[in-house]
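A.B. asks: Just dropping this structure here.
Every read-out reported here was derived from the displayed coordinates using simple, explicitly stated rules and does not represent laboratory data. This is a predicted model, so every value here is computed, not measured. For neighbour counting, all protein chains shown are included, and Cβ atoms are generated from backbone atoms with ideal geometry for every residue, glycine included.
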Amino acid sequence: MTTEQLKLRSMIVTALFAAIICVLAQLIIPLPLVPITGQTLAIGLAATILGARYGTISVLLYLVIGASGVPVFAEFSGGISKLIGPTGGFLVGFIPGTFIMGYYMEKTSFTFKNAMIANTIGMFIILAFGTTWLKISADLSWTAAFAGGFTPFIIVGLIKAALASWIGVLVRSRLVTAKLLLPIKPIVKEESI
């Protein structure tokens with residue numbers, strides 16, 4: 001199989017992950033300010049399975065689809081207003097969160113331990129973006145923004161990080177074996193003699 005064919009397959013899997021994010025976004029546990037959704041689980045899976053480049057592309061594709069008005073965001077909502085509304089910071093935070101998670105995995109290795117570290121870092125990045133934007137857009141105090149947009153999501157976020165790590169590493173190894181994804185080898189610096 002040529003490199004071009006592998007790249008095409010990787011792009012197809014990337015588009016499928018945008019669809020997976022759309023579907024998991026509809027799994028919702030309602031809370032007063034910001035609901036708990038399956039989006040962040042899907043984001044963690046995308047980063048763990050696809051890495052920095054293709055994972056981030058899948059998230060960007062998801063956000064573009066949602067911003068264009070297709071109801072793929074939580075609670076079957078869509079439109080640019082969601083990106084600038086109170087939960088918009090979480091959505092925008094998916095971009096750097098996914099890239100950093102994938103980048104960490106690529107620079108280390110695709111193991112459960114590294115995936116858990118990456119997904120935990122990504123969770124805190126997404127929560128930081130979301131909480132900051134919640135404070136600004138809803139004109140809340142930092143205490144209220146943390147109480148509504150950060151604190152309630154830590155335990156659930158760690159559970160989702162563990163699930164994304166476990167499932168992600170397993171699925172990634174199978175997709176690489178099936179030649180549906182390009183293998184990414186971590187860069188190891190050689191020591192000079």
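A.B. asks: Note the count of lysine pairs whose C-alpha atoms are less than 25 angstrom apart in the chain, limited to pairs 8 or more residues apart or on different chains.
C.D. replies: 14
A.B. asks: Continuing with the same structure: Roughly how many Å is it from the Cα centre of region 17-52 to that of region 130-148, as a whole number?
C.D. replies: Centre-to-centre distance over Cα atoms comes out at 21 Å.
A.B. asks: Give me P(r) over the chain, computed from all C-alpha to C-alpha distances, binned every 10 Å, as integer percentages.
C.D. replies: Calculated P(r), rounded to whole percents: 10, 37, 33, 15, 4, 1.
A.B. asks: Same structure again: Report the one residue of 129, 116, 91 whose Cα lies farthest in the direction of the positive end of the charge dipole of region 3-177 (charges on C-beta: Lys and Arg +1, Asp and Glu -1; origin at the Cα centre).
C.D. replies: Of the options given, the answer is 116.
A.B. asks: Then there's this: What size of dipole, in debye to the nearest 20, comes out for the chain about its Cα centre when the only charges are +1 on Lys and Arg C-beta atoms and -1 on Asp and Glu C-beta atoms?
C.D. replies: 420 debye
A.B. asks: Say each of residue 15 and residue 111 gets a label point 7 Å from the Cα, pointing the same way as Cα to Cβ; how far apart are those two points in nm?
C.D. replies: The two pseudo-label positions are separated by 3.6 nm.
A.B. asks: Based on the Cβ-Cβ distance of residue 156 and residue 5, what FRET efficiency does E = 1/(1 + (r/R0)^6) give at R0 = 35 Å, to the nearest 0.05?
C.D. replies: With a Förster radius of 35 Å, E is 0.35.
A.B. asks: Normalised by the residues of region 3-177, what does the relative contact order come to in percent, with Cα pairs under 8 Å and at least six apart?
C.D. replies: Taking the mean separation of contacting Cα pairs over the length of region 3-177, I get 24 percent.
A.B. asks: Sticking with this one: Could you run the Karplus curve 6.51 cos²θ - 1.76 cosθ + 1.60 with θ = phi - 60° over region 97-106 and give me ³J(HN,Hα) per residue in whole Hz, x for Gly and Pro?
C.D. replies: x, 5, 4, 5, 4, x, 5, 4, 4, 5
A.B. asks: Name the chymotrypsin sites (Phe, Trp or Tyr not before Pro) in region 53-150 that are in a loop by DSSP and that have at most 12 other C-beta atoms within 10 Å, would you?
C.D. replies: none
A.B. asks: Viscosity 1.002 mPa s, temperature 20 °C: give me the Stokes-Einstein translational D for region 119-167 in µm²/s, with Rh taken as the Kirkwood radius over C-alpha pairs.
C.D. replies: Here the translational diffusion coefficient equals 193 µm²/s.
A.B. asks: Right, here's the next one. Viscosity 1.306 mPa s, temperature 10 °C: what is the translational diffusion coefficient of region 40-79 from Stokes-Einstein with a Kirkwood Rh over Cα pairs, rounded to a whole number of µm²/s?
C.D. replies: Details: Rh = 10.3 Å.
For these conditions, the coefficient is 154 µm²/s.
A.B. asks: Something else now. If the elastic network links every pair of Cα atoms under 10 Å, which of 168, 79, 89 fluctuates the most in the Gaussian network model of the chain?
C.D. replies: Maximum fluctuation in the GNM of the chain, among the listed residues, is at 79.
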